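A.B. asks: Sending over a structure as structure tokens; questions will come in a sec.
The values are calculated or read from the model by the stated rules, or taken from the named source; none is laboratory data. Not measured: the values here are computed from a predicted model. Here the Cβ positions follow ideal geometry from the backbone for every residue, glycine too, while neighbour counts run over all protein chains shown. Quick note on the areas: whole protein, heavy atoms, side chains included, nothing else; ligands and nucleic acids left out. Shrake-Rupley method; radii C 1.70, N 1.55, O 1.52, S 1.80 Å.
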Amino acid sequence: MATVTLKQAEKTYPNGYKAIHGIDLAIQDGEFTVLVGPSGCGKSTLLRMIAGLESISDGEISIDDKVVNKVAPADRDIAMVFQNYALYPHMNNYDNMAYGLRNRGYSKADIDSKVREAARILQLEDHLERKPRQLSGGQRQRVAMGRAIVRQPKVFLFDEPLSNLDAKLRVDMRLEIKNLQQRLGVTSVYVTHDQVEAMTLADRLIVMNGGVAEQIGTPIDIYEKPATKFVAGFIGSPAMNFLAGKISGDCKHVTIGEGVRLDLDHDVSADQTVTVGIRPEHLSIAADGQGQINAAVRMVESLGAETLVYLDFGTDANNVTLRLQGTQQFVKGEKLSLTIPADKIHLFDVETGKRI
Amino acid sequence: MKRVQFEHSAVPYLFVAPQILIISIFFLWPAAQAVYQSFLLEDAFGMSSQFVWFRNFEDVLSSSSWTRSAVFTVVFSVLVAVISITLSLFLAVRADEVIRGAKSYRTMLMWGYAIAPPVAGLLGNMMFNPLMGDLYKAFNSFGFEFNHIQNANDATFVVILIAVWKQVSVNFIFFLSGLQGIPKSVQEAATLDCKSAERRFWTITFPLLAPTTFFLLVINLTYAFFETFGIIDVSTKGSPGGATATLVYKVYVDGFIGADLGGSSAQSVLLMIMVSVLTVFQFRFIERKVHY
Ligand SMILES: Nc1ncnc2c1ncn2[C@@H]1O[C@H](COP(=O)(O)OP(=O)(O)OP(=O)(O)O)[C@@H](O)[C@H]1O
Ligand SMILES: [Mg+2]
């Protein structure tokens with residue numbers, strides 16, 4: 001279908017605010033790319049630049065090797081699904097889906113077959129005559145999806161399409177979107193701040209922060225080898241534990257807390273101070289009490305399938321989170337001895353936040 | 001469905017009493033009087049009167065001056081409503097592109113609304129004054145033989161111009177807030193679906209403004225019917241020869257200046273009937289079509 005390429009794309013809003021600081025990106029044909037990042041980091045801005053709803057201040061965006069910087073949104077052959085659906089309230093659902101096709105001069109019969117096909121896929125056949133306001137949120141979302149797929153565009157753009165739905169529906173729609181995208185094979189860019197959506201949908205994940213792409217990679221890559229402390233803290237829930245540490249003289253150990261030495265699985269330049277990161281799910285309780293660190297239980301959250309234990313390590317309060325399978329009981333103040341596997345330790349430069 | 005039952009008590013009636021009283025004194029009572037008077041023939045000094053059934057109505061309906069005024073009123077109202085709505089819609093669309101979100105701007109643009117009709121009439125009067133009016137001079141210097149004092153068409157043009165000018169700002173504000181009430185994402189979805197801005201306007205923006213337009217149509221027709229009294233009274237006074245007298249203005253002229261109370265009451269009763277029919281028509285047939 002199509003590739004999308006960004007070359008040093010920048011966006012400065014008319015008020016002088018620079019929302020996107022030069023992003024390079026090459027989205028492959030049929031790839032599902034997810035943009036994730038904290039609120040205000042420029043996800044929507046970037047998506048809207050691809051759509052043509054925001055001008056590109058500097059750099060280039062191309063769809064299929066054609067630079068689209070100056071191409072009108074309607075001519076870019078993209079379709080977008082908005083967070084609030086953005087359906088046309090005065091048209092029934094059939095017309096909502098048919099509108100884009102009519103403006104592109106398709107024949108009546110052609111439009112009818114495309115709309116009915118989309119309605120069938122999205123189970124909207126019974127609702128075509130209704131107006132959007134007569135539908136539930138989930139159904140409206142489907143109509144918005146239908147409006148995008150009837151056009152068979154080169155690229156789908158989604159801006160937090162599920163964030164107005166309740167939790168259960170969100171899971172259903174998430175699977176549906178993934179299925180649909182794989183079936184149609186349309187190159188897609190999806191904006192979300194939901195971790196689970198990001199991890200499950202993405203072929204490739206882009207973690208954004210303050211207008212730059214902090215890391216681009218497969219979800220698993222990013223989870224296993226976060227390039228920066230920001231990415232490490234943003235991806236994964238509950239967030240990664242961060243502790244201050246210092247590399248030993250022999251380059252093979254890191255010292256945390258009051259003289260706790262942890263083995264490292266690779267050599268690191270000696271004597272530098274670092275941030276040590278450990279994911280809550282990689283900590284485990286040493287059965288024999290011979291773990292590397294000891295920490296006191298502060299609070300316990302039981303979620304049924306898993307238990308989150310918040311611990312005080314060293315002199316800091318509540319600085320270590322432990323994630324355990326199943327339901328387990330702990331007493332407040334109880335000392336736990338924890339094991340940290342050497343290959344699960346992440347080290348970050350204190351100053352730059354870069355992975356070491 | 002179960003209906004909520006209120007205990008019978010005098011309190012609710014007490015609350016609505018002031019409003020009922022005002023409506024009764026200033027509307028129902030005069031209206032009833034007008035109906036009563038429309039059946040009477042009174043001598044010019046109000047000394048004696050005689051019950052004449054529908055003779056006043058027959059006189060009114062067969063008089064050429066009333067028919068002329070009725071035709072003028074319809075033409076005038078339709079033109080004022082259509083021109084001021086079209087013009088203000090155009091202005092609002094252009095302004096909306098520039099000032100999305102800038103509220104202070106909007107408030108300033110609204111000031112024209114505060115001008116009372118007689119003041120608008122006075123301003124118009126000055127601009128069209130044959131001795132010193134700039135517009136009067138301008139039209140004549142372009143080669144039109146413009147003379148609204150003697151030419152009925154020119155006079156009609158003047159009252160329409162003033163009436164439209166006065167009303168455009170009100171319509172503009174309503175259209176502008178109507179436009180700003182259209183979600184930005186809906187307009188953006190439309191830019192992805194339709195390349196032509198003009199087509200987008202007619203297929204998305206205009207239908208979404210239909211409730212506003214309908215509301216303004218009602219407001220503007222009412223305005224042209226009734227509120228332009230002040231404009232006409234100050235500018236043309238219905239001249240030349242009643243060519244710019246709306247029905248409302250004619251009621252006043254015949255009743256208070258001509259002292260034909262019976263005839264003028266009959267005219268106002270006819271006016272009431274016409275307005276009621278118009279209102280019912282608007283709400284029954286148009287309103288149903290404009291809401292989405
Ligand atoms: N029209 C605008 N003019 C000026 N600044 C803007 C404009 N739109 C957005 N911004 C700023 O640009 C930054 C990025 O905005 P954007 O909407 O892309 O964030 P986002 O990542 O989508 O956030 P969220 O998750 O909250 O939707 C924000 O700091 C925002 O304040
Ligand atoms: Mg956003």
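A.B. asks: Can you give me the accessible area per residue for the protein assembly as shown, using a 1.4 Å probe, in Å²?
C.D. replies: Computed with neighbouring chains in place, this is 51 Å² per residue.
A.B. asks: Excluding ligands and nucleic acids, what accessible area in Å² is computed for A:Asp221 using a 1.4 Å probe, to the nearest 10?
C.D. replies: About 80 Å², ignoring ligands and nucleic acids.
A.B. asks: Going by a ≥ b ≥ c, the root eigenvalues of the Cα gyration tensor, does chain B fall in the rounded group (a/c under 1.5), the prolate group (a/b larger than b/c) or the oblate group?
C.D. replies: It is oblate, given that a/c is not under 1.5 and a/b is not larger than b/c.
A.B. asks: Follow-up question, since we're still on this one. Beyond a 27 Å Cα-Cα separation, which of these cross-linked pairs lie in this structure: A:Lys18/A:Lys70; B:Lys137/B:Lys237; A:Lys154/A:Lys229?
C.D. replies: Cα-Cα > 27 Å for A:Lys154/A:Lys229; rest within.
A.B. asks: Name the residue from A:Ser44, B:Trp165, A:Val276 whose Cα lies farthest towards the positive end of the charge dipole of the protein assembly as shown, charges +1 on Cβ of Lys and Arg and -1 on Cβ of Asp and Glu.
C.D. replies: After comparing all options, I get B:Trp165.
A.B. asks: Still on this structure: Probe radius 1.4 Å, ligands and nucleic acids ignored: give me the carbon and sulfur share of the accessible area of chain B as a rounded percent.
C.D. replies: The value for chain B is 69 percent carbon and sulfur by accessible area.
A.B. asks: Roughly how many percent of the accessible protein surface of chain A is carbon and sulfur, given a 1.4 Å probe and a whole-percent answer?
C.D. replies: 48 percent
A.B. asks: Using +1 at the C-beta of Lys and Arg and -1 at the C-beta of Asp and Glu, which of B:Val248, A:Leu303, B:Gly181 has the Cα lying farthest in the positive direction of the dipole of the protein assembly as shown?
C.D. replies: Highest projection toward the positive end goes to B:Val248.
A.B. asks: DSSP loop GluC sites (Glu not before Pro) in segment A:270-356 with at most 10 other Cβ atoms within 10 Å of their Cβ, which ones?
C.D. replies: Loop-located and lightly packed - A:Glu351.
A.B. asks: Still on this structure, I have one more. Using the Karplus curve 6.51 cos²θ - 1.76 cosθ + 1.60 with θ = phi - 60°, what ³J(HN,Hα) values do you get for each residue of segment A:246-255, in whole Hz, with x for Gly and Pro?
C.D. replies: Karplus-based 3J(HN,Hα) across segment A:246-255 equals 9, 6, 6, x, 8, 6, 10, 9, 10, 9 Hz.
A.B. asks: Can you compute the charge dipole magnitude of the protein assembly as shown about its Cα centre, using +1 on each Lys and Arg Cβ and -1 on each Asp and Glu Cβ, nothing else charged? Give it in debye, rounded to the nearest 20.
C.D. replies: Dipole size: approximately 1000 debye.
A.B. asks: Considering Cα pairs under 8 angstrom that are at least six residues apart, work out the relative contact order of chain A and quote it in whole percent.
C.D. replies: After rounding, I find 15 percent.
A.B. asks: Report the net charge of residues surrounding A:Ile63, where surrounding means a beta-carbon distance below 9 angstrom and charges are Lys +1, Arg +1, Asp -1, Glu -1.
C.D. replies: So the surrounding residues net to 0.
A.B. asks: Cα centroids of segment B:62-78 and segment A:256-280: how far apart, whole angstrom?
C.D. replies: Centre-to-centre distance over Cα atoms comes out at 95 Å.
A.B. asks: If you don't mind, another one. Let me have the relative contact order for segment A:241-349, percent, based on Cα pairs under 8 Å that are six or more residues apart.
C.D. replies: Rounded, it is 30 percent for segment A:241-349.
A.B. asks: So, one more: Please list, by residue number, every one of the chymotrypsin sites (Phe, Trp or Tyr not before Pro) in segment B:113-178 that is coil in DSSP and has at most 14 other beta-carbon atoms within 10 Å.
C.D. replies: B:Phe142, B:Phe144
A.B. asks: Counting alpha carbon pairs within less than 8 Å and at least 6 residues apart, what relative contact order, in whole percent, applies to segment B:59-289?
C.D. replies: 31 percent
A.B. asks: Mind grabbing the interface size between B and A? I mean buried accessible area, both sides, 1.4 Å probe, in Å² to the nearest hundred.
C.D. replies: 1800 Å²
A.B. asks: Next question. Would you please give the FRET efficiency between B:Val78 and A:Ser107, computed as 1/(1 + (r/R0)^6) with r the Cβ-Cβ distance and R0 = 60 Å, to the nearest 0.05?
C.D. replies: For R0 = 60 Å, the calculated efficiency reads 0.90.
A.B. asks: Is the protein assembly as shown best put as rounded, prolate or oblate by its Cα gyration tensor, with a ≥ b ≥ c the root eigenvalues, rounded for a/c under 1.5, and otherwise prolate when a/b is larger than b/c, oblate when not?
C.D. replies: prolate
A.B. asks: Moving on. Can you give the charge dipole size of segment B:59-289 about its Cα centre, rounded to the nearest 20 debye, using +1 on the beta carbon of Lys and Arg and -1 on the beta carbon of Asp and Glu?
C.D. replies: Approximately 700 debye in magnitude.
A.B. asks: Work out from phi, with θ = phi - 60° and the Karplus expression 6.51 cos²θ - 1.76 cosθ + 1.60, the ³J(HN,Hα) of each residue of segment B:196-208, listed in order in whole Hz, and give x for Gly and Pro.
C.D. replies: Using θ = phi - 60°, the values come out as 6, 5, 5, 5, 4, 4, 6, 9, 10, 5, 4, x, 6 Hz.
A.B. asks: Might you report the magnitude of the Cβ-based charge dipole of segment A:30-119 about its Cα centre, with Lys and Arg at +1 and Asp and Glu at -1, to the nearest 20 debye?
C.D. replies: 280 debye
A.B. asks: Give the average, rounded to an integer, of partner chain Cβ atoms located within 10 angstrom of each Cβ in A:79-92.
C.D. replies: Counting other chains' Cβ atoms within 10 Å and averaging over A:79-92 gives 5.
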